[in-house]
Amino acid sequence: MGRWLTRLRCAMAWQARAALFGALGFSALAQPTNSMETSKTEIADFGGGCFWCMEAVFERLPGVISVTSGFAGGTTENPTYEQVCTETTGHAEVTEIDFDPSKISYSQLLDVFWQAHDPTTLNRQGADEGTSYRSIILYRDKKQQLEAEKSKLAAQQNFRNPIVTEIVPLKKFYPAEGYHQKYYDNNSNAPYCQVVITPKLDKLEKKKVIQPDPQTSR
């Protein structure tokens, strides 16, 4: 079943790309992010397997302004989804989370991060396997680094096996192609979404970790 889900996800991505390019042309190719932190917002960068899953989780948190699916942690510049899938770029699938620190803190986002995936499985989340699916926190400054390391130590008590999450400095974040953005919101009835993402959201919603609907303003 695991290989079937992985093949299904790749097929869905190709179908979504074909549909988007048919309507918009090739303008949706990934470009380096131009997002900038301001005095009113901050940015967190997490990877916990499929970015479709993580995006759907974090956009359901009050205080999160926007969530962008993309790639980071590797060496290839301006990677495409297909390149990252080859496991040769070094990049992980990650989410860039723009949030209002007066409404939700970086530490609170980390608490959700640990609950939203299994940080003890090396280079794998469920049926998705490879370094692009590794658990990773990419910090933007010393403060985020210290908070991430402290949070990781605290989270370990909730897991029987050792946490293998990487905590590394962010060099550059590359947004994924347009068809990956808000993927679950636009394709919630698709098989992969129903089998993998919906159960995850239902579980977190039942635990009152997230809200039932997206809270993002953009």
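Descriptive notes on the structure:
- Taking amide H positions as modeled 1.01 Å from N, with prolines and chain starts lacking one, the residues under 5 Å from residue 135 and 5 or more places away or on another chain are 123, 124, 166.
- Three-way shape call for the range 125-172 based on the alpha-carbon gyration tensor, with the a/c threshold at 1.5: oblate
We did not get these values from a lab; they are worked out from the coordinates using the rules stated. The model shown is predicted, which means the values in this text are computed figures rather than measured ones.
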